[in-house]
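A short write-up of the structure that comes next.
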Amino acid sequence: GAGVSQSPRYKVAKRGQDVALRCDPISGHVSLFWYQQALGQGPEFLTYFQNEAQLDKSGLPSDRFFAERPEGSVSTLKIQRTQQEDSAVYLCASSLVVAGGPETQYFGPGTRLLVL
Amino acid sequence: TQLLEQSPQFLSIQEGENLTVYCNSSSVFSSLQWYRQEPGEGPVLLVTVVTGGEVKKLKRLTFQFGDARKDSSLHITAAQPGDTGLYLCAGEPSGTYKYIFGTGTRLKVLA
C-alpha cells in the first residue's frame, strides 16, 4: 500500500523559471488538496480537486500558480515565473471520500522549493 | 479570516514531563484535527474530534474539543523523545471542506 508520493522532493529554481511539482495520490482517492507550508508555519490551503474537477482554487496566491488533475489521479502544480516568496514546502494530500465532513487526509512528504 | 492560534510556539522539556498544547480561535469549527509532522515528512493525522466537549485518548495523548467548538487542547503525559515533532491543529469551518491549519507547536523532548 503505497502512500502519497511527490516529486521532486527538492527543487532549486532561479527567479523567473517555471516549475512543475507532481503529486501521486493514493489509488482510488477522490479528493486531492495542495497546501503551501512556509518555514515554521502550518500548511495553507491552495486548491482542491474532486476527481478531475478543480472545485476550489481560492488559495492560489496569484495567477502564476496553476494546478491540474486531468484524469482524476495524478496532479501537477505549476508555478510560472517563480519569485523568491514562492520558496516553501508544497504538500499534497488525498482522501478517499468527497470532502465535506471529517475525513482523513493522507499527506505526501512534500516538495521543498527554493527560489534563488 | 479564520485563524487558529497555537500556544506555546516552542516547547523543550525533559523526558517524563507532562505538557499541554493549546489551539484557539474565535471561529466555530464543525470538526478539529490534530497532526504531528516530523522533519522532511508530511503531517500525520493523530485524531479528529467532532462534538463539543469531546475527549479522546490515544495512549499517552489526550485531546479535548472545547464546548463551544472554538478551541482544543492536546495533553501529553510522561513525554518521550519519540514525541518530538511539530504539532498542528486544523479546524474545519462549518459548511466547508477546507481545513484551516494552526500556527504549530514545535516540541522537543530531551532524553
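Computed values, structure above
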| quantity | calculated |
| --- | --- |
| Residue check for B:L45: without any contact (Cβ under 8 Å) to a residue 60 or more places away in the chain and among the hydrophobic types (A, V, I, L, M, F, W, C) | yes |
| Qualifying positions in the range B:89-111 - in a strand (DSSP E or B) and closer than 22 Å to A:S58 by Cα | B:C89, B:A90, B:G91, B:E92, B:P93, B:I100, B:F101 |
| Pick from the range B:25-44, criterion under 19 Å from B:L86 (Cβ atoms) and open to solvent by 70 Å² or more (accessible area, probe 1.4 Å), ranking: nearest to the other protein chains (Cβ to nearest Cβ) | B:E41 |
| Condition met for A:L77 (under 15 Å from A:F49 (Cα atoms), open to solvent by less than 10 Å² (accessible area, probe 1.4 Å) and away from chain B (no Cβ under 14 Å)) | yes |
| Given (1) under 14 Å from the mean Cα position of the chain (by Cα); (2) open to solvent by less than 40 Å² (accessible area, probe 1.4 Å); (3) small (G, A, S), index of the condition A:S58 fails | (2) |
| Residue list for the range A:33-55, restricted to those being at the interface with chain B (Cβ under 10 Å from one of its Cβ atoms) and open to solvent by 70 Å² or more (accessible area, probe 1.4 Å) | A:Q41, A:E44, A:L55 |
| Single residue of the range A:87-116 satisfying the filter (touching a Leu at 6+ places or on another chain (Cβ under 6 Å) and either open to solvent by 20 Å² or more (accessible area, probe 1.4 Å) or within 10 Å of another protein chain (Cβ to nearest Cβ) (or both)) that is modelled with the lowest pLDDT | A:T104 |
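The values are calculated or read from the model by the stated rules, or taken from the named source; none is laboratory data. Since the structure is predicted, the reported quantities are computational estimates derived from the model, not experimental observations. Here the Cβ is made from the backbone with ideal geometry for all residues, glycine too, and neighbour counts use every protein chain on show. All accessible areas refer to the heavy atoms of the entire protein, side chains included, with ligands and DNA or RNA removed. Shrake-Rupley method; radii C 1.70, N 1.55, O 1.52, S 1.80 Å.
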